[in-house]
1. Scan the stretch 520-558 residue by residue and report those that are more than 30 Å from Pro465 (Cβ to Cβ) and charged (D, E, K, R).
2. Could you tell me whether the stretch 406-417 includes any residue that is among the β-branched types (Val, Ile, Thr), under 20 Å from Ala250 (Cα atoms) and crowded, with 20+ Cβ neighbours inside 10 Å?
3. Based on what the data block shows, is Ala284 among the hydrophobic types (A, V, I, L, M, F, W, C), surrounded by 16 or more Cβ atoms within 10 Å (Cβ to Cβ) and farther than 18 Å from Thr569 by Cα?
4. If you check Lys38 against the conditions, is it surrounded by 11 or more Cβ atoms within 10 Å (Cβ to Cβ), under 19 Å from Ala89 (Cβ atoms), touching a strand residue (DSSP E or B) at 6+ places or on another chain (Cβ under 8 Å) and not assigned by TED's automatic domain parsing to the domain that holds Asp147?
5. Just to be sure I understand the filter: pairs with C-beta atoms under 6 Å, separated by 6 or more residues or on different chains, first member in the stretch 154-170 and over 16 Å from Asp118 (Cβ atoms) and touching a residue at least 24 places away in the same chain (Cβ under 8 Å), second member of a type in the set (Asp, Glu) and assigned to a helix (DSSP H, G or I). Which pairs pass?
6. Across the stretch 201-230, which residue is farthest from Lys133 (Cα to Cα) among those that are surrounded by fewer than 15 Cβ atoms within 10 Å (Cβ to Cβ) and charged (D, E, K, R)?
7. Just name the residue that is modelled with the highest pLDDT out of those in the stretch 574-604 that are in contact with a helix residue (DSSP H, G or I) (Cβ under 7 Å, 6 or more places away or on another chain) and among the hydroxyl-bearing types (Ser, Thr, Tyr).
Amino acid sequence: MKYENISKGSFIDRPNRFIAQVEIQEPGNIRQECVHVKNTGRCRELLLPGAEVYMEKILSGHRKTGYDLIGIKKGEVLVNIDSNAPNKAVYEWLQSGVLFKDVTLIKPEAVFGNSRLDFYVETKDRRIFLEVKGVTLEKQGVALFPDAPTKRAVKHAKELIRAVQEGYESYILFVIQMKGIRCFSPNQDTQPEFADILRTARRAGVRILAYDCLVTQNSMELSEPVPVILKQDRLPDAFLLERIADLLLAWYDKNRRVLPWREEPTPYRVWVSEIMLQQTRVEAVKPYFLRFMEELPDIGALAQAEEDTFLKLWEGLGYYSRVRNLHKAAVQIMENYGGQMPGDYRELQKLQGIGSYTAGAIASIAFGQAVPAVDGNVLRVISRLLADDGDISDPAVKRKMEERLLPVMPKDRPGDFNQALMDLGATVCLANGMPKCRECPWEGLCRTNAEKAWLQYPKKSGKKPRKTEQKTVLVIRDKSCVALRKRPAHGLLAGLYEFPTLDGHATREETLCWLKRQGVHAVRIERLSDAKHIFTHIEWQMIGYCVWVDELEPMKKDKELLFVEPAQTQARYPIPSAFAVYSRYLEIRTGSEKIKDMEEGRDR
């Protein structure tokens with residue numbers, strides 16, 4: 001269908017449902033006019049001050065307004081808002097024989113039961129009722145109807161169900177008066193009754209169709225079929241994932257966290273930060289990261305560092321195999337890559353301690369490669385978006401998630417995309433408690449939000465029960481020194497320093513016997529506080545004794561023991577935070593405590 005005498009203007013306001021004030025912009029003639037709004041109940045979200053609008057000049061002299069408002073620009077999309085246009089376009093379409101072949105009769109406004117339906121159509125062997133609904137409301141690529149409750153639409157759907165029961169074919173055709181739409185869905189929030197009757201109608205045999213339209217300033221015609229998704233249908237996964245990038249990056253640009261490694265995202269800084277962030281909160285990592293960069297500013301410095309040096313810098317962060325792997329990988333880079341971190345995703349995975357997630361983070365953030373970085377945050381966020389039943393502790397589910405995200409990653413901002421997913425999981429789509437769905441850029445897309453099923457996703461199999469071990473920690477000291485032991489090079493807390501520790505909960509008498517076997521006599525023994533420390537798969541339940549001896553010399557026959565002044569532990573001997581309770585008795589500050597002191601401005 002075509003229009004004549006089209007003028008362009010700018011929307012000012014809408015005094016009532018029927019009238020809009022518009023500034024008309026014609027060559028040499030800019031003026032304000034009152035124009036007729038035929039689409040009285042819709043388009044509130046389109047008619048915004050300054051919106052670009054199009055009007056058809058009406059030549060009839062019997063009206064107070066000389067124009068009809070027919071089109072509005074929404075971003076780059078032109079939306080037709082003429083309430084008469086859908087029926088006119090469908091009439092022309094029916095005449096062309098696109099929908100029904102061999103049409104012998106097209107009768108507009110045909111009565112059936114207590115309703116006047118838009119069209120009755122006959123072919124050589126078919127009798128058809130067709131109801132047309134114009135759609136101008138769009139949210140995140142989904143066309144929605146209605147945008148205001150309509151009893152008439154519900155009544156028409158019921159009449160069409162009756163028509164099917166009486167042997168007619170029945171159709172509801174949603175004419176989406178714009179392009180760029182991915183699917184149509186009834187507006188459940190505005191009128192649940194219409195969504196319900198539409199589902200009932202489809203089950204009864206009424207065919208539900210939706211078509212988008214080619215819209216220009218002076219024409220509108222039906223174009224392509226659009227998927228119809230009712231509430232109980234699920235939008236295809238691919239549809240949801242194709243929509244996430246633009247919404248996510250727009251949110252990230254406004255809400256991104258300012259983090260020290262982001263402000264200077266060199267490959268080394270990204271790598272170290274990502275390793276630190278595994279199993280550790282962002283706020284806890286910040287001071288560790290800054291101190292690590294100050295002491296070991298580049299790959300070469302890390303590769304040359306002694307074990308006690310990098311372990312001391314890591315003291316209190318836990319999961320010490322991470323820093324050992326950092327050191328091993330730094331040596332690899334120096335030996336195999338000329339001291340330069342490789343920029344290829346697959347090459348990165350050849351380095352010690354770098355898996356698919358860390359490789360994806362480095363490759364995308366530092367080198368601009370469009371590869372996903374899927375960690376626990378990302379698994380949770382995407383699982384909730386898709387209401388995915390996969391067990392996120394299963395490596396196969398993670399690989400599938402990576403495959404799903406790869407084709408939707410923006411080629412121009414892959415690092416921002418991955419970091420935005422991380423931020424969304426860390427600040428909005430929270431792991432514990434209710435997610436902040438109203439702050440989420442995907443609120444309208446998320447299946448879990450739509451189904452109010454936040455506690456059901458993500459799916460994760462239960463952890464195996466932790467093994468419990470009982471320990472007795474001995475703080476053995478003389479006038480100047482304390483005994484420490486270096487743990488084995490492999491296994492839990494490998495290479496770190498601890499107080500001599502006995503398996504089981506030893507009594508005072510058992511402890512004194514053990515000391516006697518070491519050749520020392522306890523001058524005084526004092527029971528210390530109990531403590532508990534939880535590792536990934538093990539829980540230590542500890543009791544402790546502080547033991548004063550005349551001299552530590554007899555214990556030096558044990559080659560695993562060291563005898564150091566307490567102050568030396570601050571700079572040289574990394575003691576894990578598992579022993580923090582017992583370190584305090586010597587005023588030794590473990591790594592996590594020292595970082596806290598730094599944050600609070602204390603110098604201990």
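1. If the condition is that a residue be more than 30 Å from Pro465 (Cβ to Cβ) and charged (D, E, K, R), then Arg524, Glu526, Asp550, Glu551, Glu553, Lys556, Lys557, Asp558 are the ones that fit.
2. no
3. Judged against the criteria, Ala284 is a match.
4. yes
5. Going by the 6 Å Cβ cut-off, there are no qualifying pairs.
6. Applying the filter and picking the extreme gives Arg203.
7. Ser577
Here is a yes/no grid of residues against (1) in contact with a Leu (Cβ under 8 Å, 6 or more places away or on another chain); (2) more than 20 Å from Ser273 (Cβ to Cβ):
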site	(1), (2)
Ala305	yes, no
Phe310	yes, no
Tyr320	yes, no
Gln332	yes, no
Asn336	no, yes
Pro342	yes, no
Tyr345	no, no
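The values are calculated or read from the model by the stated rules, or taken from the named source; none is laboratory data. Remember, predicted model here, so these are calculated numbers, not experimental data. FYI the Cβ positions are ideal-geometry reconstructions off the backbone, even for glycines, and counts take in every protein chain you see.
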